[in-house]
Each structure stands twice: as structure tokens, then as C-alpha cells.
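Since the structure comes first, as C-alpha cells, the remarks are kept for the end.
The values are calculated or read from the model by the stated rules, or taken from the named source; none is laboratory data. Please read all numbers here as calculations on a predicted model, not as lab measurements. Don't worry about glycine lacking a Cβ; one is built from the backbone with ideal geometry, like all the others, and counts go over all protein chains shown.
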2 protein chains.
Amino acid sequence: MSDVNAAASGPAPFCLAVDAMGGDHAPDIVLAGLELAADRHPGTRVLLLGDEALLRSQLPRYPRAASMCEIRHAPSAISMEMKPTAALRLRDSSLRMAIDAVATGEAGGVVSAGNSGAMLALAKIVIKTLPGISRPAMAAVNPSARGDVVMLDLGANIACDSRNLVEFAVMGEAFAKAVLGLPSPRIGLLNVGVEELKGDERLREAAEMLRDSALSEQFHGFVEGHDITAGTTDVVVTDGFTGNIALKTGEGALKLASLLLRRVFRTNFLTKLGYLLVRPGLERMREWIDPRRYNGAVFVGLNGIVVKSHGGADAESFAAAIDVAMDAVTHGINEKIRTRLDQISAFSANGEEERATASSMAI
Amino acid sequence: MSDVNAAASGPAPFCLAVDAMGGDHAPDIVLAGLELAADRHPGTRVLLLGDEALLRSQLPRYPRAASMCEIRHAPSAISMEMKPTAALRLRDSSLRMAIDAVATGEAGGVVSAGNSGAMLALAKIVIKTLPGISRPAMAAVNPSARGDVVMLDLGANIACDSRNLVEFAVMGEAFAKAVLGLPSPRIGLLNVGVEELKGDERLREAAEMLRDSALSEQFHGFVEGHDITAGTTDVVVTDGFTGNIALKTGEGALKLASLLLRRVFRTNFLTKLGYLLVRPGLERMREWIDPRRYNGAVFVGLNGIVVKSHGGADAESFAAAIDVAMDAVTHGINEKIRTRLDQISAFSANGEEERATASSMAI
């Protein structure tokens, strides 16, 4: 723990900048989460932004986090209720300073359990979007019968056009490669049916653009709501309104199943005995669908990794958000997005050239 | 079983007209479903449309269905793949003749497990929408932690404006009263957050209209995806795109839970023993969330009850669709919609008068 920026082995001195003051249980949960994550990412350096006196008094209780973190004092903090416009004016908040560290290249990414609206607004203005991306999206991993599935946008953009959806597909593919380690992720576009004529113009146009793009081989076509948990594709692309509702509806349904299951096991002595017999398997099942394991939504499409943890996250789920951010930084999600965008624009340019040639030949 | 229309006690000679030829397993499943439903609705009369020779040969195997049904010959049938435009031209199909029976007042409602697109198109043109309703919606019952929840629109209208959403709220309330028997159903508008400023203009406008309407006391405000299965409100209103995706995402998540649970119980001898101990409770749980129990989506807002069963329905789930249709007919869902629409227009007229008075007073 030193106040001098020691250059790390990576391109940025710090892998991550962490907002120690964001979320319902800050800074305790943040530090406890870092303590858990430290084991899984040895040698990583983290810049910790927040109330220096408070952090210096608490950090010694988390020795592995302490050995990974450098504290930098942030005089103020953004509350969960603060409007984005007010948050933008507060230049010395822990969240702002963490985002600044990404903008200056001092850190590869930022993690906060704080105010999402403020985080997205600050990130867009301070870090800015990647060239070729018109709007960042919120992406996260969801459970399915066949393994993890990336879904985006989860609420950053209420209304999206076909171009946005194509960009989300590019970002989702890069996310699945970097965070899930899939070599060639399959991409689905969420719709009310799988037939080509289903949905609105915007979806049909996006599907056509994807079929004609460098992503064509990985584009599966339209998928439906039940395909998310079936794991039909590795990436599910949708607008932020639908994605937010699908995410919460799925989580709600799993919560209902676990509530009903609890009731079943608590009925009488025999069912309690039954519970004891299946407990190890149930715990694996719970872990499989545990929303805590899936904590950490990434705002993709920015010039740096921006990860939002649930405000009410516990230590384990905050650690999951740290994991996602570290995977995204170390596996170069943004380089993957850039490469794909270059291919797509080269592809479209070729396509246009071909079409131009074809039409001139027709004349 | 007679070829002469015997007048029943209700306003229409037949409670329902049933398309015997629709669905993947017609007519067997249709007849088996009617057999199950007959027990629960003694004395009800059903008009059965389809291939007369085939039905006359099969029906005797279902004695209770036979005593309830009158067969009427329909020379043709609409396949699952037929486009709505082609279906409209086929005037002697079993589905068309069943819908005609509703239009002429011979039957209170129609049930089919056939082609949904053809069904909606035929119903709109032949039966027509209720006065004051601009677009029919697809409504169905879903499981929640607190009991059954009505959700609509489930896919009849991909794009909706605020006026459509308000009409859906009126129809959803009538559905919850007639089918679920709730005296004063609570209504929620599906959104990405519960705060007044969340979502798009269309949603904020619909919320404002509902707050100012005769439904204001029952209007809970915005609800989120997880509120559907939490049972926060009795009715969840949304556009057909979002509703279709939320419905299928929730079903998919419950399917994932039951798949994982099966794996847990099948692990070894002890877990199999555990399964035997909790089986009765698990069966109750399965029944609680069983999609078959929730089969039967109603196209509400038409001059008659139009119920669509899943194409792949089994006998039990087809019987559930019959139940929904009979409840909707016998408890007068359309009268409830009419009454509420009258109140709303009277209410708006009063409101405008008040506002006019208020503004003239200000001058």
C-alpha cells in the first residue's frame, strides 16, 4: 500500500479503479469483496477511491485486499438518490475520481456499487464511447441450461434502432469472448418469434444487417424469451427496455421456484429429511442460478471497462463484479470490439463496392 | 347430441363453439380435453366444428364430451402454417365456422388450438372489436408467489400507444374479475423501474391517464419484471412485444429450475430417496407453476370470447383453455369491459368539464 503510483506490468499502472464509497454497504462490502477477489487475481493492482481516513482504518482487516490496493482520497461521495446532473457537477467524488483514473489511462477499468444513472452519465462524458459505437450498452451474464449467456442491453438505452442493435451484437460477441472465453460465440436477436417476418421493422433490419456482416456466421437469427435460459445462443441482443424486463422477469421466476421449493422442504419431518439427502445437489443448483454469481453488469462500448455492481451486493457478489471487470480488462474486450468494427466497416465498404460494380455493370 | 339447436339457459344457445380440427393433435386432444372439462361445467352446451364423419366416429369414446357437444360439419380446416390472408378466404373451415357462430350470437365464445395468426385475423374481421376498444389484446394467467396474475398484451400488438395500454388495463381488470373472481384487482404497468420518470413517454402518459381515470384507485403504478412472479399486482399491463418476451422468459426460467432440480434428484441413491420423501410437495409445486394449468390465452376486446390454446396442448391443458373460456363467458367479461369503458368516458368528460370550469375561473 503506497501513495506513489507504482507502474504495474500491464499497460495501465492499475488494473482497476474501485469506488469504495458506492452501494448500500460501503465501504465494508467493497473491501470484503476485494479480499475475496484478491485470491483469484494474484499480483493485480487496484486503485481504491474514497474517504482516506475511513479506508485506512478499515483496510487492515482485509490483508489480501490491502496488499492489492492503493488508497487515494476522494473528498465526496455520490448518494444513490443523486440525479446524474448533480453527480456530474461533483468533481471530487469517489466515483468521479475512479472514472477519471480510467480516462487518464491510469486504470484499465472501474467498478462501483453506487448510483447507476450517475455512473453511466459520468462514464459517457468522461471516458467517452469507443470510435464507431454510437451508444454504450449494459451487458451481463445470465444462467442457462447450457452455460452462461451474455445479454445486452439491460437498460442503458430504452429505445434502440437497428444500428444500435448491430453494435450491441458486436459488443456482446467481444464480451462473450473476453469474459466467457468462448472462441466463436453464437449471437441471437430477441424477438417474439423465430420466423424472418416476426417483430418490427427495426428488428428485421438489424437481422438483415447482421446476416450481411462479418458476424454472419455467428448470427443464429431471432431467438425467443425461453431461448435465454435454454442457452440457444451465447449472446442475446435486445433493446434496453426489453432486456431490463426480460432480466428481471427471469430472475423473478427463479426466485418463485426457490420460494416454492423452500415451502416443499419445510412441510414436515420427512420433507426435512429429504432436504438433507439432496442438500449438496441443491447447493450446486443454487450456485448455478445464484444472482450473486452473475453480479457485475458491464457498460460496454466505452474507452475503458465500466462495471456496475448491484447496490445491495454482499461481499461475494461484489467479488463477482470485480472478476468480470478484471476479465474484461485482461482479455482486452475493447480491442476485440475495435477489431470487429474494423472488419464490419471493411465488409460493408466491400459490399458497397461490389454493389456499385454490379450496378455499373448493369448499365 | 342433436343437429337441431336446442336453446340453452344462457343468452346464446351454445356457451362455446369449439374448433375440433385445430392444433397438433386434433381432434383427439380436443375431445379428451372436453371430456375433462365436462365434469367441471355440468349442463354447458358446446358446438363442435369439424369433419363430421371423423368426429362421429371418435366422440363416442368420450361420453361426457358427447353429452355436452353438438357436431356441425366443417368441410375444411386451417393448417398451422397457413397465412392469415389465405385463412380469411377459406369460408368453410372449422375455425371460421366456429368464429361465425360467435358473430351470429349462436355461441358465447370460441376455443381453438389452431393457427393463432389466422384466429386473431378472423376474429377481428368476423366478430369485430368492442365499441370503445381500438385493438384487442392477448391475455393469460400466470403463476406468482401470491396467486394468479393476468398479463396482457402477450403478442397481439407489437407496437402500442398510451391509449392502447389504458384499454389493456380496462380489459385486464375485467379479465381478473371474471376469470380470477377478484372483486377489485390491482393493476400495474410494466416498466424498467417504479419511479414516475422511468420508461418512455408512452408509458408515462398511460400512467397519467390511469391515475386520472375511474381505475385510479386500483392502479398501483409502474411494476418491474420481477413483480410479475412476486404477484405485486393482479394485472400486469404491457405492449405485445414486451409481454410476449416476458411470458416466454418467465416460462423458460421455470423450465431451467425444473431441469436443474431433476438433475439434483437423479444424482444417486440417496437423492432418489430424498425425492420420494418430498414428492407430494413437489407435485403441488409443479402444479402451481405448470404451464398446462395456465393454458388458454384470451383475445380480449372482441364482441365475443376468443380463446387460443397452445397448438401442442395435451388434454389437460386443452381443458384449462375450455375453463378459461367458460369463465369468461359465464362471468360476463365483456359486460365488465363495457361498464368500465362507460365510466372512464363519463369520468374523462367530467374531468374535462372540471378543467374547463377551472380554467374559466382562472380568467
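For residues that are modelled with pLDDT under 95 and out of contact with any helix residue (DSSP H, G or I) (no Cβ under 7 Å at 6 or more places or on another chain), tally how many sit in the range A:106-121.
2
Tally up the residues in the range A:250-293 that are over 24 Å from A:His226 (Cβ atoms) and acidic (Asp, Glu), please.
1
Anything in the range A:170-192 that is under 19 Å from A:Ala325 (Cβ atoms) and surrounded by fewer than 21 Cβ atoms within 10 Å (Cβ to Cβ)? List them, or say none.
A:Leu180, A:Gly181, A:Leu182
Taking the range A:210-223 only, how many residues are of a type in the set (Ser, Thr, Tyr) and surrounded by fewer than 21 Cβ atoms within 10 Å (Cβ to Cβ)?
We begin by selecting, within the range A:210-223, every residue of a type in the set (Ser, Thr, Tyr); these are A:213, A:216.
Those still in the list that are surrounded by fewer than 21 Cβ atoms within 10 Å (Cβ to Cβ) too: A:216.
Here the count works out to 1.
Can you pull out the residues in the range B:224-237 that are more than 7 Å from chain A (Cβ to nearest Cβ) and either modelled with pLDDT under 95 or crowded, with 24+ Cβ neighbours inside 10 Å (or both)?
Correct list: B:Thr233, B:Asp234, B:Val235, B:Val236, B:Val237.
Which of the residues that make up the range B:240-264 are in contact with a Gly (Cβ under 8 Å, 6 or more places away or on another chain), at pLDDT 90 or above and facing chain A (nearest Cβ under 7 Å)?
B:Phe241, B:Asn244, B:Ile245, B:Ala246, B:Leu247, B:Lys248, B:Thr249, B:Gly250, B:Glu251, B:Gly252, B:Ala253
A quick yes/no check of all residues on (1) touching a strand residue (DSSP E or B) at 6+ places or on another chain (Cβ under 9 Å); (2) of a type in the set (Gly, Ala, Ser); (3) under 25 Å from A:Met138 (Cα atoms):
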{"residue": "A:Ile29", "(1), (2), (3)": "no, no, yes"}
{"residue": "A:Pro60", "(1), (2), (3)": "no, no, no"}
{"residue": "A:Ile78", "(1), (2), (3)": "yes, no, yes"}
{"residue": "A:Gly105", "(1), (2), (3)": "no, yes, yes"}
{"residue": "A:Gly117", "(1), (2), (3)": "no, yes, yes"}
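Suppose the filter is under 19 Å from A:Gly304 (Cβ atoms), within 12 Å of the chain's Cα centre (by Cα) and aliphatic (A, V, I, L, M); does A:Ala123 pass it?
When the stated conditions are applied, A:Ala123 does not pass them.
Going through the range B:281-292 one residue at a time, which ones are exposed (fewer than 14 other Cβ atoms within 10 Å of the Cβ) and more than 8 Å from chain A (Cβ to nearest Cβ)?
Result: B:Glu283, B:Glu287.
Does B:Gly23 fit the bill of being of a type in the set (Gly, Ala, Ser), in a loop (DSSP other than H, G, I, E, B), at pLDDT below 95 and within 22 Å of the chain's Cα centre (by Cα)?
Working: of a type in the set (Gly, Ala, Ser): yes; in a loop (DSSP other than H, G, I, E, B): yes; at pLDDT below 95: yes; within 22 Å of the chain's Cα centre (by Cα): yes.
Yes.
Among the residues of the range B:277-290, are any under 33 Å from the mean Cα position of the chain (by Cα), farther than 19 Å from A:Val278 by Cα and part of a loop (DSSP other than H, G, I, E, B)?
yes
To keep it simple, each residue is scored yes or no on (1) in contact with a Cys (Cβ under 7 Å, 6 or more places away or on another chain); (2) at pLDDT below 90; (3) within 25 Å of B:Gly181 (Cα to Cα).
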site: B:Leu270; (1), (2), (3): no, no, no
site: B:Met285; (1), (2), (3): no, yes, yes
site: B:Asn295; (1), (2), (3): no, yes, yes
site: B:Phe299; (1), (2), (3): no, no, yes
site: B:Leu302; (1), (2), (3): no, no, yes
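Look at the range A:14-32 and say how many of its residues are out of contact with any Ser or Thr (no Cβ under 7 Å at 6 or more places or on another chain) and within 12 Å of A:Met97 (Cβ to Cβ).
2
Which one of these does A:Ala207 not meet: (1) crowded, with 20+ Cβ neighbours inside 10 Å; (2) closer than 19 Å to A:Ser144 by Cα; (3) away from chain B (no Cβ under 11 Å)?
Every condition holds for A:Ala207 apart from (2).
From (1) assigned by TED's automatic domain parsing to the domain that holds A:Gly188; (2) of a type outside the set (D, E, K, R); (3) under 30 Å from A:Ile71 (Cβ atoms), pick out the condition that doesn't hold for A:Val149.
(3) is the only condition that A:Val149 fails.
Residues are listed down the side, and each one gets a yes or a no for (1) within 14 Å of chain A (Cβ to nearest Cβ); (2) under 30 Å from A:Ser116 (Cα atoms); (3) touching a helix residue (DSSP H, G or I) at 6+ places or on another chain (Cβ under 7 Å):
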| residue | (1), (2), (3) |
| --- | --- |
| B:Gly147 | yes, no, no |
| B:Phe168 | no, no, no |
| B:Met171 | no, no, yes |
| B:Ala176 | no, no, no |
| B:Val179 | no, no, yes |
| B:Leu197 | yes, yes, no |
| B:Ser213 | no, no, yes |
| B:His220 | no, yes, no |
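Hey, among the residues in the range B:238-276 that are without any contact (Cβ under 8 Å) to a residue 60 or more places away in the chain and not in a helix (DSSP H, G or I), which one's surrounded by the fewest Cβ atoms within 10 Å (Cβ to Cβ)?
Ranking the candidates gives B:Arg266 first.
Restricting to the range B:193-204, what's the tally of residues that are of a type in the set (A, V, I, L, M) and surrounded by 13 or more Cβ atoms within 10 Å (Cβ to Cβ)?
First, the residues of the range B:193-204 that are of a type in the set (A, V, I, L, M): B:194, B:197, B:203.
Next cut, surrounded by 13 or more Cβ atoms within 10 Å (Cβ to Cβ) only: B:194, B:203.
The total comes to 2.
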